[in-house]
Amino acid sequence: MKKNKRHIYRSKQRTTCFVFCMVICLLINVLPFSQASISEQGSFAFSPKIVTAQEEGWEVLQSGVTQDLNSIFFVCLNRGSVIGNGGTILSTGDGGNNWTIENSGVSTNLYDVFYYGFFITVAVGVSGTILFSNNTVQNWTIKQTDTMSTYFSGQMITDMIGVAVGVNAIYQPFFTRTDDGWKTWQSTSFYIEHNNIFYEGRLTDVYFINESVGFATAIVDLPLGGAIVRTTNGGSSWETVYFSDNRLLGIDFTLEGIGFAVGDHGTILQTLDNGQSWQQMDSGVSSMLRSVGFYSENTGTIVGDYGIILRTENQGLSWIQQTSGTTYDLFKVQFITEQIGFAVGEEGVILRTTTGGFPDDITPPQTNCNLFGILEGDVYISDVTVTFTATDDFSGVAVTMFKLDDNLWTTYDDPFIVSPDGNHSLCFYSIDNAGNVEEEKTCEFTIRHPLNLTINITGGVCIKISVSNLGSFNLTNVSWRIILDGGWVLLGKQKSGETDIKVGSEITLSMLVFGFGKPTITFTIATTQKIVQSYIFLFFIRI
C-alpha cells in the first residue's frame, strides 16, 4: 500500500532517524552505558542482559524512584528517557536495564518527553515548563518555567519545528509552536466549539502528520466530556472534528493515515480518512485508557488505569487484553519495534516487553470443527453449517485456514454451509500471533438429503417406471436399480444405472422381461424404494 505523504515527518522519526540513531549508538558503543551489539545479519540488537523469554509478557523494571512517571520516549533500542512528577527525569543507555536520575533543574511535574533524531530532546509540564537537551539528555536547559500554563503533551515535527499543548490560566486549550528549535516560540489559545457553544478545556495529547495538519485530544469542562480538534494551518486556528461525553487523553496515527484516540470508560475511536470522521470501537473494558501507540499500520498498544494493556495486530479490528503484572495506572506507552515496548505509570512503574506484550509463546493454537445439521444415525439429512473455534492461551489466534474436499485453502471468517450430498472432508489449522502453526486436522461427514420422489411402475410389453422429482434441488448421477424376485424369469432379472433428474421434471426407465410367474418388482433410486407385485407371461407383464 502506498504511504500517505502527509505523514512524512513522523515517518522520519520512526524510520530515517531510527536508523541514524542506531548508527550513532554503534559509534559510541565503547561508552560504559552502551550495551549495543550487532547480530549476524548486521541489524541492531539488544544486550544479552535483556530477558527475551517473558512468562507474563511484561516485566517490571527497577526505576529507582517512587514518583509518578508520566511519559517515556526511546530514540533507539538502547537510549530512552522517562519524565515524571517533581521534575523527575530518568535516562537509560542499555535498553532499560539501568536508569540514571538526571538533574532537570526544576521541581514541577513533567508530563511529556519527545525526541527528534538523537540529540534533540524536549520535556514539558506544569508552570509552562519547557526543557531542552541536545547532549544525550545529560544536560538540560530551562527554556521556560514559572508561567500560568501547563503542557501535557508535545512533539518534534522536524529538527526545527516543535509543538506543545495544554491549558492556560483561564482554562482555555493552549498551543505553543516553535519554528527554530525552541530558540523562540509563539502561543495561542482558543475555546472548543460544538453546536455554536464554546467550551473551556485542556489539550491532552497532540499528533501532527506534517507541518500544517495536526490533531489534539481534549478534556472539555462543563459539561465534562472530550473532543478531538484539528488544525490545517500549523496551529493558528483549530476546529472540532469530534465531540463526546467521554474525556479523551491520547491520540496516534499510523503511517497510512489511520488514526486512533482513547479515553474514559474504555473509549477507543478510529479514523480511516485522515481524521475527517471518527467511529467508536469495542475495547472490551471500561477503565480509563490514557495512551495509544502504533508502531505499524497493523500493530498498536493501549495502556490505562489499573494496569490495563490492550493490543491489536489487525488495525484495531479487535483488541486483546494483556497481563501487565501491575494494578498501578499506566500513563504512556511506546513501542520501538513491533515486539519491544515500554510503559510507565504510577509510583515509579516502568514496564518492558520484548515479545509484543504476549507471554513467550511456543505453543500452537487449538482449533475445533463444529457441525450443525439434522442427523439421522451418522448421516446428515440436511445442509450442514460449519464453524471453527480456535483458542490460544498466550499470543492469541491470528488466522484459521481450511479447505473443503479438493478445494483450495481459504481463510476462515464466518460460518459457512455445505449442501451437496456425499462424503465430505474438511482440513483445517490455525496460526497464533507468535507464528506457531497448529498441526493440520481433519473432520469428515456425510450428507444425504431425503428425496421427494414419486414413482409409478406400469406393465405391458416391458416394465416402465416413471420417476418425478418434487424436491427442491436437482439430482445428479443418482443411482437406480430394478430387481425381480420370484417366478421363472429368463430375461430381465435385474437392471441398474445412473441418471439425472432436475427439479420438477420426470424420467422414464424401462426393462424388457421374458418368463412366467408372479415375481416381486423392487425399484430403488437413491434412498427411495418402491415394491410391487407382478404377473409375467412370456414378454407381457401386468402390475
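The values are calculated or read from the model by the stated rules, or taken from the named source; none is laboratory data. This structure is a prediction, so every number in the text was calculated from the model and none was measured. For neighbour counting, all protein chains shown are included, and Cβ atoms are generated from backbone atoms with ideal geometry for every residue, glycine included.
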| note | Pairing a residue in region 152-171 that is within 15 Å of Phe208 (Cβ to Cβ) and of a type in the set (D, E, K, R) with any residue that is buried (at least 19 other Cβ atoms within 10 Å of the Cβ) and modelled with pLDDT under 95, where Cβ atoms lie under 8 Å and the two sit 6 or more apart in sequence or on different chains, gives Asp159/Tyr116; Asp159/Gly117; Asp159/Ile120
| For the subset of region 138-181 comprising residues that are among the hydrophobic types (A, V, I, L, M, F, W, C) and more than 26 Å from Glu239 (Cα to Cα), which member is surrounded by the most Cβ atoms within 10 Å (Cβ to Cβ)? | Trp140
| remark: Among (1) touching a residue at least 60 places away in the same chain (Cβ under 8 Å); (2) farther than 30 Å from Asn70 by Cα, Val399 falls short only on (1)
| field | strands (runs of 3 or more DSSP E) within region 231-317 that include 1 or more residues closer than 19 Å to Gln334 by Cβ | value | 248-253, 259-263, 268-271, 289-294, 300-304, 309-312
| Of the residues Phe473, Phe523, Phe539, which single one is closer than 30 Å to Lys403 by Cα and not acidic (Asp, Glu)? | Phe473
| Matching option when the condition is surrounded by 14 or more Cβ atoms within 10 Å (Cβ to Cβ) and at pLDDT 90 or above, among Val532, Val478 | Val532
| Filter result for Asn233 (among the polar types (S, T, N, Q) and closer than 20 Å to Gly316 by Cα) | no
| request: Just need a number here: residues in region 323-342 that are surrounded by fewer than 19 Cβ atoms within 10 Å (Cβ to Cβ) and of a type in the set (D, E, K, R). | output: 1
| request: Identify the single condition in (1) part of a loop (DSSP other than H, G, I, E, B); (2) without any contact (Cβ under 8 Å) to a residue 60 or more places away in the chain; (3) more than 29 Å from Glu338 (Cβ to Cβ); (4) not charged (D, E, K, R) that Asn78 does not satisfy, given that it satisfies every other one. | output: (3)
| query | Condition test on Ile320, is it β-branched (Val, Ile, Thr), farther than 18 Å from Val399 by Cα, surrounded by 16 or more Cβ atoms within 10 Å (Cβ to Cβ) and in the same structural domain as Phe335 (by TED's automatic domain parsing)? | reply | no
| task | Please enumerate the residues belonging to region 83-137 that are touching a residue at least 24 places away in the same chain (Cβ under 8 Å), in a helix (DSSP H, G or I) and either among the polar types (S, T, N, Q) or buried (at least 24 other Cβ atoms within 10 Å of the Cβ) (or both). | result | Asn85
| request: Might you check whether a residue that is outside the structural domain of Asn423 (by TED's automatic domain parsing) and out of contact with any strand residue (DSSP E or B) (no Cβ under 9 Å at 6 or more places or on another chain) occurs anywhere in region 460-479? | output: yes
| message | Being assigned to a strand (DSSP E or B), under 25 Å from Ile83 (Cβ atoms) and touching a Gly at 6+ places or on another chain (Cβ under 7 Å) is the filter here; which residues of region 318-334 pass it? | response | Gln322, Leu330, Phe331, Val333, Gln334
| query | Are any of the residues in region 258-265 buried (at least 18 other Cβ atoms within 10 Å of the Cβ), assigned by TED's automatic domain parsing to the domain that holds Val206 and closer than 18 Å to Glu59 by Cβ? | reply | no
| note | The lone condition Ala343 fails out of (1) farther than 30 Å from Glu444 by Cβ; (2) in a loop (DSSP other than H, G, I, E, B) is (2)
| field | Top-ranked residue of region 206-230 - restricted to ones that are among the hydrophobic types (A, V, I, L, M, F, W, C) and assigned to a loop (DSSP other than H, G, I, E, B), ranked as surrounded by the most Cβ atoms within 10 Å (Cβ to Cβ) | value | Ile209
| query | For region 166-184, what are the residues that are over 16 Å from Asp146 (Cα atoms) and small (Gly, Ala, Ser)? | reply | Gly181
| Matching residues in region 408-419 - criterion: being assigned to a strand (DSSP E or B) and either exposed (fewer than 12 other Cβ atoms within 10 Å of the Cβ) or not aliphatic (A, V, I, L, M) (or both) | Thr410, Thr411, Phe416, Ile417
| The listed residue being closer than 17 Å to Met160 by Cα and in the same structural domain as Val65 (by TED's automatic domain parsing), out of Tyr116, Tyr111 | Tyr116
